[in-house]
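What follows is a single structure, written as structure tokens, with notes after it.
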Amino acid sequence: MRNAIHIGNGYIVTTDNSGGIGEKPGDRVAVPDRVTAYFAARVALLEQWASHAEPVTIVIHNFSGSASWDKYVAGVTDLFREAGIVVPAISGSTETNMELVQSAMAVTMIGEKKQRALGEETTWFTYGTPLVGHEVLERKEEVASLRLLKEALASGIVQQIWPVGSSGILQEVRQMTGNEVAQVETVLNSTKSGGPATVVLVAITASKISEAEAFFGASLNKIQIIS
């Protein structure tokens, strides 16, 4: 996984950061700090799941000032509650010596890798829509649901996930496959940023495709990967 680091003994580190998004007058995107933390944590959590790991501790790096700390913690907590899983221990630090004109923060997760038995050969689909900036809030019904992804992984409907970041679907497929000239056929914009992983690549076995289509609905679309 592109942002996952294996640190040994079955532990995985993932992280995501956010700059210029928050409550400060100089921010490029004005949203509550709680929302900023939610989406940063979302990316880090999806990276954990993509590595077959579950987070056991969370570190928040806060450069926005002490007033933002509790809001960031609340945003991370919101994410885990939405996903239907226990909130791990949260720690971190806050920059209080220098006041920045824009918001800046990061969420790092340390997770424990779980053993998962993979099934038969899989087909890749997209779940969600690539969205960025204000689109994420204005079209939230198109954002891939963490709760549904968690349920699909736990039940075996989905065998593997790969979150899509700012590089877009096409570049993520190339990184995932290791084929720098691969092409994709999809109903979505394959070069648009996925923002905070609003769209996720999901691998589904042939025997589970019908079940997955009923489970995810119209947000699930097959993607053709051309080597």
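The values are calculated or read from the model by the stated rules, or taken from the named source; none is laboratory data. Every value quoted in this text rests on a predicted model; they were computed, and no experiment measured them. Because the Cβ atoms are built from the backbone with ideal geometry, glycine has one as well, and the counts that use them run over all protein chains shown.
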Report task. With respect to VAL56, determine if the residue is touching a Pro at 6+ places or on another chain (Cβ under 8 Å), β-branched (Val, Ile, Thr) and not in a helix (DSSP H, G or I). Result -> yes
Of the residues in the stretch 181-214 that are in a loop (DSSP other than H, G, I, E, B) and hydroxyl-bearing (Ser, Thr, Tyr), the one that is nearest to GLY128 (Cα to Cα) is THR198
With the first residue restricted to the stretch 169-180 and required to be part of a helix (DSSP H, G or I), and the second required to be of a type outside the set (Gly, Ala, Ser) and surrounded by fewer than 13 Cβ atoms within 10 Å (Cβ to Cβ), Cβ contacts under 6 Å at 6 or more apart or on different chains are LEU170/THR191; ARG174/GLU180
Scanning the stretch 5-23 residue by residue, those in contact (Cβ under 8 Å) with a residue 40 or more places away in the chain and either of a type in the set (S, T, N, Q) or closer than 27 Å to HIS134 by Cα (or both) turn out to be THR14, THR15, ASP16, ASN17, SER18, GLY19, GLY20, ILE21, GLY22, GLU23
Going through the stretch 1-29 in order, the residues found to be in contact with a strand residue (DSSP E or B) (Cβ under 8 Å, 6 or more places away or on another chain) and small (Gly, Ala, Ser) are ALA4, GLY10, SER18, GLY19, GLY20, GLY22
Can you confirm whether SER190 is in contact with a helix residue (DSSP H, G or I) (Cβ under 7 Å, 6 or more places away or on another chain), farther than 22 Å from ILE85 by Cβ and either free of Cβ contacts under 8 Å to residues at least 12 places away in the same chain or among the hydroxyl-bearing types (Ser, Thr, Tyr) (or both)? yes
- Message: Quick check on the stretch 52-66. Is at least one of its residues of a type in the set (A, V, I, L, M, F, W, C), in contact (Cβ under 8 Å) with a residue 40 or more places away in the chain, closer than 21 Å to VAL143 by Cα and in the same structural domain as PRO88 (by TED's automatic domain parsing)?
- Response: no
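Would you say ALA106 is part of a helix (DSSP H, G or I) and either assigned by TED's automatic domain parsing to the domain that holds ALA203 or aliphatic (A, V, I, L, M) (or both)?
It is false that ALA106 is part of a helix (DSSP H, G or I) and either assigned by TED's automatic domain parsing to the domain that holds ALA203 or aliphatic (A, V, I, L, M) (or both).
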Matching residues in the stretch 143-164 (part of a loop (DSSP other than H, G, I, E, B), buried (at least 22 other Cβ atoms within 10 Å of the Cβ) and small (Gly, Ala, Ser)) number 1
Apart from one, (1) surrounded by fewer than 22 Cβ atoms within 10 Å (Cβ to Cβ); (2) in contact with a helix residue (DSSP H, G or I) (Cβ under 8 Å, 6 or more places away or on another chain) all hold for ILE60; the odd one out is (1)
